[in-house]
Amino acid sequence: MNETEPSPRIGQIVQVVQGRDTGKYMVVIEVLDERFVLLADGDKRKVTRPKKKNIHHIELTAHIAPEVRDSIKETGRVTNGKLRFALSKFVKEHVNYGRREIN
């Protein structure tokens, strides 16, 4: 990752572009290093078994879920229900007929 690329942040919603979960939206729950993040969606990928993903295999959105970010900052963890809520809210507001709005 070079300096012109934005780095993922905790609570940021991303779209998977490579792998089994291609096309799905997930939330960054931990940044491991400059190359890998842990992702969860609260449904198939629960907080207890997050997906380790290379940042080159995800597309960052401009949206950071404040309820997820704040929960992780305050308690060090987040519930699966909160992740599902954040993702459904994002999809309702930003995704139309399978296309993400450009922010």
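Nothing in this text is a laboratory measurement; each read-out follows from the coordinates by a stated rule. Owing to the predicted nature of the structure, the values given are computational and were not obtained by experimental measurement. Neighbour counts run over all protein chains shown; Cβ positions are idealised from the backbone, glycine included.
Quick notes
- Test: residue in segment 20-32 that is assigned to a loop (DSSP other than H, G, I, E, B), within 19 Å of Ser88 (Cα to Cα), touching a residue at least 24 places away in the same chain (Cβ under 8 Å) and over 12 Å from the mean Cα position of the chain (by Cα): yes
- Test for Thr61: is it surrounded by 15 or more Cβ atoms within 10 Å (Cβ to Cβ), among the hydroxyl-bearing types (Ser, Thr, Tyr) and not in a helix (DSSP H, G or I): yes
- Some residue of segment 5-12 being closer than 19 Å to Val95 by Cα and either in a loop (DSSP other than H, G, I, E, B) or not acidic (Asp, Glu) (or both): yes
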